[in-house]
Amino acid sequence: MALRSGFVCILGRPNAGKSTLLNALAGEKLAIVSPKPQTTRNRLLGILNLPKIKGRPAAQVVLIDTPGVHKADTALGRQMMREVREALRGCDLIFLIADASEKTNPGERFVLQLLEAAGTPAFLLLNKIDRIDKQDLLPLIEHYRQQHAFREIMPISALKKQGLDALLNATVAGLREGPRYFPEDQVTDQPLRFMVAEAIREQVLLATKEEVPHATSVLIEQFEEGKKLTRIAAVIYCERDGQKAILVGRGGQMLKKIGTAARLEIETLVHKRVFLALFVKVKARWRDSDSFVEGLDWRLQLEQMAGPPRE
Ligand code: GDP
Ligand code: MG
């Protein structure tokens, strides 16, 4: 039987578990995850090459992880919502993922509006069922059933990897015959440099709280792959002196902790020993700066490097 293939956009509110699901289905860590909302800022791909098994044809499922749907009030937020809309454009299937352990809130309505506007078939994934009583599931399913004509409604736990086989089977069944969009050995579209920046940002998210995670971004300034050692220098940007003081910590302790944890993560990404130099800089209100936010966007940077399209 011919290959099934298609693009599947993972859509939902911040913290619903989109990136956790992407990583669980990909079987490796492609997206950073944290308990803080708005961890994911760019859309990114996880490419699944599924062999033919009994009752399921071979397939290439291209998952698109997206930033959480939220009301944008900064240049960064608007950029994140553009990423969501880009991901929705032309995808074949949508996974709407909702946190089943939380009360449904007005924010869901905005997600459902995006879904209606896209007009693409959608599965509703009720995530985090490891945290709820089974009896709470039925009213939730009923609630969502009234909001949208979902193709499937499936309870899952992305964290505990529950319900994922059934999800993959239904997904492949929902895709048409199509080409292999990416070579079989490619697992994501993100450049290594960007994954390194994300690994550092993840440690910042895990180590800090309140407004610091949201006010932080990471830019790689040096990336030199030697024979045995990869040398990386990165700047952690924040918006205020007080945030810088937190990120550096007493006697530089916080920065050291972030650096050590990030280095270990990065070593598994580059498969080499890593020398990591971290710096913290203040850039007031960078989240409101279109040009700064554009500078964080690797797709845009790649386009600019390639230059304008030739006639
Ligand atoms: P995203 O913002 O939608 O990408 O959400 P993340 O994948 O970053 O996850 C947000 C938080 O929810 C993290 O702390 C995850 O560990 C947690 N989480 C995700 N899926 C599950 C799940 O199935 N069960 C539980 N208990 N926690 C989950
Ligand atoms: Mg995410």
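Just so it is clear, none of the values below were taken in a lab; they were calculated from the coordinates. As the structure is a prediction and not an experimental result, all values here were calculated from the model. Because the Cβ atoms are built from the backbone with ideal geometry, glycine has one as well, and the counts that use them run over all protein chains shown.
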Give the cysteines in the chain for which no other Cys Cβ lies under 4.7 Å away, or write none if there are none. CYS238
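Using the Cα centre as the reference, give the magnitude of the dipole from point charges on the C-beta atoms of segment 1-133 (Lys, Arg: +1; Asp, Glu: -1; all else neutral), rounded to the nearest 20 debye. The partial results should precede the final answer.
On the way: 19 positive and 12 negative charges, 39 e Å.
Its charge dipole is roughly 180 debye.
Just check segment 175-298 against the gyration tensor rule for me: Cα atoms, a ≥ b ≥ c as the square roots of the eigenvalues, rounded for a/c under 1.5, and otherwise prolate or oblate depending on whether a/b exceeds b/c.
Oblate, since a/c reaches 1.5 and b/c is not below a/b.
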Would you list, by chain and number, the lysines whose Cα falls below 25 Å from the Cα of LYS71, excluding same-chain residues fewer than 8 positions away? LYS18, LYS36, LYS103, LYS128, LYS209, LYS283
Looks like segment 261-309, by Cα gyration tensor root eigenvalues a ≥ b ≥ c and the a/c under 1.5 rounded cutoff (else prolate when a/b is bigger than b/c, oblate otherwise), is oblate
Going Cα to Cα from LYS257, which aspartates and glutamates come in below 18 Å? Please leave out same-chain ones fewer than 8 positions away. GLU198, GLU202, GLU265, GLU267
Mean-position separation - Cα centroids, segment 240-311 and segment 22-101, in angstrom: 22 Å
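Given N residues in segment 120-167, what is its alpha carbon radius of gyration divided by 2.2 N^0.38 Å?
Working: Rg = 10.9 Å, N = 48, 2.2 N^0.38 = 9.6 Å.
Here the Cα radius of gyration is 1.13 times the empirical estimate.
Under the rule a/c < 1.5 gives rounded, and otherwise a/b versus b/c splits prolate from oblate, where does segment 13-151 land using the Cα gyration tensor? Provide the component values of the computation, followed by the final result.
On the way: a/c = 1.36, a/b = 1.06, b/c = 1.27.
Rounded is the answer for segment 13-151, as its axis ratio a/c remains below 1.5.
For the chain, which semi-axes, largest first and in whole Å, follow from the square roots of 5 times the eigenvalues of its Cα gyration tensor?
Details: eigenvalues 222, 110, 75 Å².
The answer is 33, 23, 19 Å, longest axis first.
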Each label sits 7 Å from Cα toward the beta-carbon; between SER289 and ARG82 the label points are separated, in nm, by 1.7 nm
Sequence neighbours fewer than 8 away in the same chain don't count; with that in mind, list the lysines whose C-alpha is under 16 Å from LYS228. LYS272
How would you order 164-176, 186-198 from highest to lowest mean count of nearby Cβ atoms within 10 Å? 186-198, 164-176
Positive end of the charge dipole of the chain (Lys, Arg +1 and Asp, Glu -1 on Cβ, about the Cα centre): tell me which of CYS91, PRO191, LEU229 has its Cα farthest that way. LEU229
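So, with +1 on the Cβ of K and R and -1 on the Cβ of D and E, and no other charges, what is the size of the charge dipole of the chain about its Cα centre, to the nearest 20 debye? Numbers along the way, then the final one.
Details: 46 positive and 37 negative charges, 129 e Å.
The dipole magnitude comes to about 620 debye.
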Kindly state, to the nearest 0.05, the FRET efficiency for ARG131 paired with ASP165, given R0 = 25 Å and r defined as their beta-carbon distance. 0.75
If you put +1 on each Lys and Arg Cβ and -1 on each Asp and Glu Cβ, how big is the dipole of segment 31-71 around its Cα centre, in Debye rounded to 20? 80 debye
